[in-house]
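Everything below concerns the one structure shown next.
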Amino acid sequence: MKKVCLYCNWKVKPSVDGFYIEGVHATYLNAFLDNSRRCEIFLLSNVSNLPVNISDVFIEYKKVHLISLPAFSSYISAIKCIFDIYSGVKRAYDSAEFFYIRTPEPFSWLFGMHNFLGHKVMNYHVASNPLNVIWGDKQKSCLSRSIRYGFFLPEYFLIMFSAYFNHITCNGYYAKKNLPFFLKKKARVLIESTKVKADFEGEVIVRDLSSNPECVKILVVTRFFPAKGLDVLLKAFSEAQVYERCKLIIAGDGPEFNSIKKMAVDIGIGSRVEFMGHIKNGPDLNELYNQCHFFINPSLSETGPRVLLEAMAYNLYCISTDVGYARYVLSDDEGNIHGRIINPGSVNEMASAILEAVNNFPECMEIASQGRMLSERFTLESFIENILSVGG
């Protein structure tokens, strides 16, 4: 049995016989457990001091061995836990033979240090570029961003050098493009998805494509953070002058929830925007996808987004900013885009895309009917199989 360690700081909540974890992360753990290679799983993760909520999933210790780290929420707070992280990495290294290191987790270069002679297989999977995230936070001053950028730079390159001497994969071509030059040829592109094969076994909902429905439902699934472009979306929804025929449904939560909700009221579209809050990954979220017609990803910066693949699986017509792997997953083998790609941050392009989609509803839904087939190319099982095949 292959002993696999995942270094993913998922803010687990330890209990007596196991731990609680967000549903989307539990999906990953279960997929690793169900892999045909029959893996024994170790999880190196920080803990959370928050109470267990209804969306959390319980994982038994007898299924996944937890190596817990102290609670921290940022690189700065992780520095205070450096000795605990070192101890956790050492324990994980002694326990497993294969390592999936979600990058950039704090001090993940410690794995490379332990594996200096290369006895074990380590794969650094790049999910995002933290330098881009730091510099893209426009709410901070230029001086503040410069200080944070310079402070994190040595950590970033230590991780990248560690990846160079081991194995590296990237979540899409955008992530690969942003790697340091010495890793571009070495990195292998893999597309993450939360959809499993079983999700594609049921029948697809049949929508009436003959004419516009009484109310076109436009869905957004996101976190309420500045880089998610929700302010751009609300302005565009208002300017498109279609909100009387549409309802904008936004699922998710985060620090900007109240300010975005207030913005919708202030610009006069509050009655046509429904804020759902957090929807649990699984049947509840799937049902929401089934109820809608269009899906919008307004992000200003993104490595994925995984939610685009989820929406495609339910044949929603997708409008996405040109971020991450959006253009790649919406394209078929001939390069035809089954949706609409627009520039990030453009209110005019977003408004135009919404207006065009609503006015050409049957044609857009016909285009979207290929989404399920395109999404099925990227299942969680195939992603994990590709990860575990690293190193032979």
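Laboratory data are not the source of any read-out in this text; all were calculated from the coordinates shown. Predicted, not measured: the structure shown is a model, and the values here were computed from it. Glycine also receives a Cβ, built like all others from the backbone with ideal geometry; neighbour counts cover every protein chain displayed.
Give me the extension gain from VAL133 to ARG38: residue separation times 0.36 nm, minus the current Cα-Cα distance, reported in nm with one decimal.
Value of the extension gain: 30.6 nm.
Pop the C-beta distance of LYS62 and MET113 into the FRET formula with R0 = 41 Å and round what comes out to the nearest 0.05.
Between LYS62 and MET113 the formula returns 0.85.
On C-alpha positions alone, give me the angle between the axis of helix 257-266 and the longest principal axis of the chain, in degrees, nearest 10.
20 degrees
In whole Hz, what ³J(HN,Hα) sequence does segment 286-293 give by Karplus (6.51, -1.76, 1.60; θ = phi - 60°), x for Gly and Pro?
With the stated coefficients, segment 286-293 comes to 4, 5, 5, 4, 4, 7, 9, 10 Hz.
Quick one: P(r) of segment 199-375 from all Cα-Cα pairs, 5 Å bins, percents rounded to integers, in order of increasing distance.
For segment 199-375, the pair-distance distribution reads 1, 9, 19, 23, 23, 16, 7, 2, 0.
Given the -39500 (n - 2.57) contribution per DSSP H run of 4+ residues, what per-residue ellipticity at 222 nm results for the chain, rounded to the nearest 500 deg cm²/dmol?
Mean residue ellipticity at 222 nm (helix-derived): -11000 deg cm²/dmol.
Given the convex hull over the Cα atoms of segment 1-103, what projected area results after averaging over all orientations, in nm²?
For segment 1-103, the mean projected area of the Cα convex hull comes to 6.5 nm².
Apply the Karplus parameterisation 6.51 cos²θ - 1.76 cosθ + 1.60, with θ equal to phi minus 60°, to every residue of segment 151-160 and state each ³J(HN,Hα) to the nearest whole Hz, in sequence, with x for glycine and proline.
With coefficients 6.51, -1.76 and 1.60, one gets 5, 8, 3, x, 4, 4, 6, 4, 5, 5 Hz.
Give the dimensionless ratio obtained when the Cα radius of gyration of segment 110-153 is divided by 2.2 N^0.38 Å. Working shown, then result.
Working: Rg = 15.4 Å, N = 44, 2.2 N^0.38 = 9.3 Å.
Dividing the Cα Rg of segment 110-153 by 2.2 N^0.38 Å gives 1.66.
Hey, fewest Cβ within 10 Å first, where do LEU43, LEU309 land in order?
LEU43, LEU309
For ILE54 and VAL265, compute 0.36 nm times the residue count separating them, minus their Cα-Cα distance, and round to one decimal in nm. Please report the intermediate quantities before stating the final value.
Working: separation 211, 0.36 × 211 = 75.96 nm, distance 2.90 nm.
73.1 nm is the gain from fully extending ILE54 to VAL265.
Please state the charge dipole magnitude for the chain, taken about the Cα centre, from unit charges on C-beta atoms (+1 on K and R, -1 on D and E), reported in debye and rounded to the nearest 20.
1420 debye
Springs between alpha-carbon pairs under 10 angstrom, Gaussian network model over the chain: which of ASN53, ASN171, ASN132 fluctuates most?
Highest fluctuation among the options: ASN53.
Highest GNM mean-square fluctuation, the chain, Cα pairs closer than 10 Å: which of LYS247, LYS140, LYS184?
Taking springs between Cα atoms under 10 Å, the residue moving most is LYS140.
Taking H as built 1.01 Å from N, whose amide H comes closer than 5 Å to the amide H of ILE168, not counting residues under 5 places away?
Distant-sequence amide H within range of ILE168: TYR124, ARG188.
Would you please give the residues with an amide H less than 5 Å from that of ILE342, counting only those at least 5 places away or on a separate chain, with H modeled from the backbone geometry?
Here the answer is SER320, THR321, ASP322, since their amide H atoms fall under 5 Å of that of ILE342.
Considering the Cα trace of the chain, what is its radius of gyration and what is Dmax, both in angstroms?
21.4, 65
Under 5 Å between amide H atoms, partner at least 5 residues away or on a different chain: which partners does LYS11 have, H built in plane at 1.01 Å?
ASN46
Starting at the first residue of segment 48-59, write each ³J(HN,Hα) from the Karplus equation 6.51 cos²θ - 1.76 cosθ + 1.60 with θ = phi - 60°, in whole Hz, x for Gly and Pro.
Once θ is set to phi - 60°, the couplings for segment 48-59 become 10, 8, 6, x, 5, 10, 5, 8, 6, 10, 8, 10 Hz.
So between ALA198 and GLU244, what do we pick up on full extension, going 0.36 nm a residue minus the alpha carbon distance?
That works out to 12.8 nm of additional length.
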